[in-house]
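Engineer: Attaching a single structure in C-alpha cells format; questions to follow.
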Amino acid sequence: MKGIIFDLDGVLCFTDRYHYAAWKKLADRLGIYFDEKINDRLRGVSRAESLEIILERSEKEYSPAQKAQFAEEKNETYRASLEKMSPADVTDEVRETLSKLRERNIKLAVGSSSKNTPLILEKTNLRGYFDAVSDGNNITHSKPDPEVFFTAAEFLSLAPSDCLVVEDAVAGIEAGIAGGFRTAAIGDAVRCGKATYALKGISDLLSICDD
Ligand code: BG6
Ligand code: MG
C-alpha cells in the first residue's frame, strides 16, 4: 500500500451529523418525511443529488430555481455548523493514525465529494497531514463515480492499485471498487459487505498497512 485516500465527512470527522441536521431542517420546513435511514443514501453523493433523493417523498414538484434555492438554504445551515468547528472535533485516534501512517512513508490524500472540504480542513487543522486533496471543487461526477479518487491518486502520482480508499458511504465503496482501488469500510459502509476490509475504528488501518 503506497497511498491511502480518505473520505472526509463521516471518516475523518463527524460532519455527517451536521449534513443530516441541515437536511432535516429543510425537509421539516417543506413537510417532507426524512430520517437517518434515508440520510444514509446521501452519504458520498453531491448536494444536488442529495436534494433529489429527499424530494422523492415530496408531493409537490419544484422548479430548478427552487431546487437551487433549497440546496443553498441547506448549505447555509450546514456552514453555520462548520464555522463552530475546531481541532477538538477530530479524535485523537484519527490524528495518531494519520501521524503513524505518515511515519511509514505512506502518502495520504483526501477524496471527498464536498465543496466545503477546504473549510473543514482549515477549521479542524487537518490539512497538514495530507499530501493532496481532491474534493467537490475539482470533480464533475460525484461518488459512486470514481473520479474524485482517480484525481486523488493522480495528485499523489500513484496508480489506483497502489492505493486504499477509506469510506463510510456505500456509494464511496462502490466508487473505489469501480476505480480499481482496494477499499476499507467504516460505519454505515460496512453493511454492504463489498469492501476489501471492514474497520471497527480508523486505527485498524495500522495493522492493515503492516501486511
Ligand atoms: C459528502 C457527503 O462528503 O459531500 C454528502 O457525504 C454531501 O452527504 C457531499 O452531500 C457534498 O457536500 P457539500 O458540502 O458540497 O454540500
Ligand atoms: Mg463520508
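Engineer: Given a Förster distance of 35 angstrom, what is the FRET efficiency for residue 71 paired with residue 125, based on the Cβ-Cβ distance and rounded to 0.05?
Structural biologist: Working: r = 28 Å, r/R0 = 0.81.
In this case the efficiency is close to 0.80.
Engineer: Please state the shape class of the chain: rounded when a/c is under 1.5, otherwise prolate if a/b exceeds b/c and oblate if not, all from the C-alpha gyration tensor.
Structural biologist: Working: a/c = 1.92, a/b = 1.66, b/c = 1.15.
In terms of gyration-tensor shape, prolate.
Engineer: Between beta-carbons, use under 10 Å as the cut-off and find the net charge around residue 162, counting Lys and Arg +1, Asp and Glu -1. Walk me through the numbers on the way to the answer.
Structural biologist: Details: positive: 2, 107, 182; negative: none.
Net local charge, residue 162 excluded: +3.
Engineer: Shifting gears a bit: For a test of the definition: using alpha carbon positions, the gyration tensor, and the 1.5 limit on a/c, classify the range 97-194 as rounded, prolate or oblate.
Structural biologist: Because its axes are fairly even, with a/c under 1.5, the range 97-194 counts as rounded.
Engineer: Kindly provide the Kirkwood hydrodynamic radius of the range 16-82 in Å, to one decimal, from all pairs of distinct alpha carbon atoms.
Structural biologist: Here the Kirkwood hydrodynamic radius works out to 11.8 Å.
Engineer: With each label point set 7 Å from Cα along the Cα-Cβ vector, what nm distance links residue 59 and residue 178?
Structural biologist: Placing both labels 7 Å beyond Cα along the Cβ direction yields 3.5 nm.
Engineer: Which of the lysines could be linked to residue 25 by a straight reach, that is with a Cα gap under 24 Å, when you skip same-chain ones fewer than 8 residues away?
Structural biologist: Counting by Cα, and skipping residues close in sequence, residue 25 has these lysines nearby: 37, 60, 67, 74, 84, 115, 123.
Engineer: Using just the helices of the chain, give the 222 nm mean residue ellipticity in deg cm²/dmol: DSSP H runs with n ≥ 4 each add -39,500 (n - 2.57), and the total is spread over all residues, rounded to 500.
Structural biologist: Computed ellipticity for the chain at 222 nm equals -13500 deg cm²/dmol.
Engineer: Now a separate question. Once the piece of chain linking residue 52 and residue 104 is laid out straight, how much longer is it, given 0.36 nm per residue of separation minus the C-alpha distance between them?
Structural biologist: So the chain would gain 14.5 nm between residue 52 and residue 104.
Engineer: Applying the Karplus parametrisation 6.51 cos²θ - 1.76 cosθ + 1.60 with θ = phi - 60° to the phi angles of the range 181-198, what ³J(HN,Hα) value in whole Hz is obtained for each residue in order, glycine and proline being reported as x?
Structural biologist: My calculation for the range 181-198 gives 8, 7, 10, 10, 9, 9, x, 4, 5, 4, 4, 6, x, 9, 6, 4, 10, 10 Hz in order.
Engineer: Something else: I need the peptides 100-113, 58-71, 188-201, 77-90 ranked by packing, meaning the mean over residues of other C-beta atoms within 10 angstrom, with the highest value on top.
Structural biologist: Peptide ranking by packing, descending: 100-113, 188-201, 77-90, 58-71.
Engineer: How big is D, in µm² s⁻¹, for the range 28-148 by Stokes-Einstein at 37 °C and 0.692 mPa s if Rh is the Kirkwood radius over C-alpha pairs?
Structural biologist: On the way: Rh = 16.4 Å.
This corresponds to a translational diffusion coefficient of 200 µm²/s.
Engineer: Determine the gain in length on full extension of the stretch residue 210-residue 154; use 0.36 nm per residue of separation and subtract their C-alpha separation, reporting nm with one decimal.
Structural biologist: In short, 17.8 nm is gained.
Engineer: Please work out how much length the chain gains when fully extended from residue 141 to residue 36, using 0.36 nm per residue of separation minus the C-alpha to C-alpha distance, in nm with one decimal.
Structural biologist: Additional length available on full extension: 35.4 nm.
Bear in mind that the values in this text are calculations on the coordinates, not laboratory data. Remember, predicted model here, so these are calculated numbers, not experimental data. FYI the Cβ positions are ideal-geometry reconstructions off the backbone, even for glycines, and counts take in every protein chain you see.
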